[in-house]
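Q: Starting off with a structure, shown below.
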Amino acid sequence: MVKSKKISYIAILSALASAVYFFESFIPLPIGLPGARWGFSNFPVLISAISGFGILNTVFIAIIKTFLGSIFSGKLFSPVFFMGLFGAISSAFLMSFLAKKIKNISVLSISEIGAFFSNCVQAVIAGFFILKSDAIIYYFPYMIFFGIITAFLNASIVKISKRSISLNEKF
């Protein structure tokens, strides 16, 4: 693939993820979980991971969406920002790695594993650095449960998107 086309896809996915990050904060959650987000801004990162953009480019998209989305929503450098940033980086890295190394792994599996790993990293950051307490362990099952639902929704969005756009070629 032409390098300029790859750069264009990365820019589009970064912009899309940043915009969705901002707008998803206006969608109310059906349950009252403090700090919980829909996580729809992860679907462009998932598209990058499964389309073979490479680990570094997928992580780049995750970093850009977190920074720009946090700037737009006024959460830059807040505790929630750092939890989201490190969760997004770890998730993007793992999803891209899994998509590259495991043949025939489903989009849903990649999304679910990425969400789980992101929640684990966020729980560690919240427990050790923000709250400085192991009380996060009681909140963790709720994070995982909500993460399962949002990862399923993101995988569904990606499956629908892939039918509409041509990203079948590997980069």
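Q: Under 8 Å between Cβ atoms, at least 6 apart or on separate chains: pull out the pairs that start in segment 1-28 with a residue that is acidic (Asp, Glu) and end on any residue that is in a loop (DSSP other than H, G, I, E, B).
A: Matching pairs, first to second residue: 24/37; 24/38; 24/39.
Q: Residue check: is residue 82 assigned to a helix (DSSP H, G or I), under 19 Å from residue 24 (Cα atoms) and over 13 Å from the mean Cα position of the chain (by Cα)?
A: Taking the combined requirement at face value, the residue satisfies it.
Q: A follow-up question, please. So residue 42 ticks every box in (1) more than 18 Å from residue 152 (Cβ to Cβ); (2) at pLDDT 85 or above; (3) in contact with a Ser or Thr (Cβ under 9 Å, 6 or more places away or on another chain) but one. Which box is left unticked?
A: (1) is the only condition that residue 42 fails.
Q: Do we find that residue 140 is in contact with an Asp or Glu (Cβ under 6 Å, 6 or more places away or on another chain) and of a type outside the set (Val, Ile, Thr) in this structure?
A: Against the criterion (in contact with an Asp or Glu (Cβ under 6 Å, 6 or more places away or on another chain) and of a type outside the set (Val, Ile, Thr)), residue 140 does not qualify.
Q: Within segment 61-73, does at least one residue satisfy the condition of being among the aromatic types (Phe, Trp, Tyr), in a helix (DSSP H, G or I) and touching a helix residue (DSSP H, G or I) at 6+ places or on another chain (Cβ under 6 Å)?
A: Looking for residues that are among the aromatic types (Phe, Trp, Tyr), in a helix (DSSP H, G or I) and touching a helix residue (DSSP H, G or I) at 6+ places or on another chain (Cβ under 6 Å), one finds at least one in segment 61-73, hence yes.
Q: Something else now. Restricting attention to segment 59-82, does a residue exist that is surrounded by fewer than 20 Cβ atoms within 10 Å (Cβ to Cβ), of a type in the set (A, V, I, L, M, F, W, C) and under 18 Å from residue 162 (Cβ atoms)?
A: no
To keep it simple, each residue is scored yes or no on (1) surrounded by fewer than 23 Cβ atoms within 10 Å (Cβ to Cβ); (2) part of a loop (DSSP other than H, G, I, E, B).
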site	(1), (2)
4	yes, no
10	yes, no
16	yes, no
24	yes, no
33	yes, yes
37	yes, yes
42	no, no
47	no, no
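Q: Another question about this same structure. Quick check on my filter: what residues within segment 121-171 are hydrophobic (A, V, I, L, M, F, W, C), outside any loop (DSSP other than H, G, I, E, B) and free of Cβ contacts under 8 Å to residues at least 24 places away in the same chain?
A: Residues satisfying the conditions are 123, 124, 128, 136, 137, 140, 145, 149, 160.
Q: Return the only residue of 117, 93 being part of a helix (DSSP H, G or I), touching a helix residue (DSSP H, G or I) at 6+ places or on another chain (Cβ under 6 Å) and within 25 Å of residue 7 (Cβ to Cβ).
A: Sole residue among the options that is part of a helix (DSSP H, G or I), touching a helix residue (DSSP H, G or I) at 6+ places or on another chain (Cβ under 6 Å) and within 25 Å of residue 7 (Cβ to Cβ): 93.
Q: Another one. Is it true that some residue in segment 116-137 is within 23 Å of residue 15 (Cα to Cα), crowded, with 18+ Cβ neighbours inside 10 Å, under 18 Å from the mean Cα position of the chain (by Cα) and modelled with pLDDT of 90 or more?
A: yes
The values are calculated or read from the model by the stated rules, or taken from the named source; none is laboratory data. Bear in mind the structure is a predicted one, so any value in this text is a computation, not a measurement. Cβ: placed from backbone, ideal geometry, glycine included. Neighbour counts: every protein chain shown.
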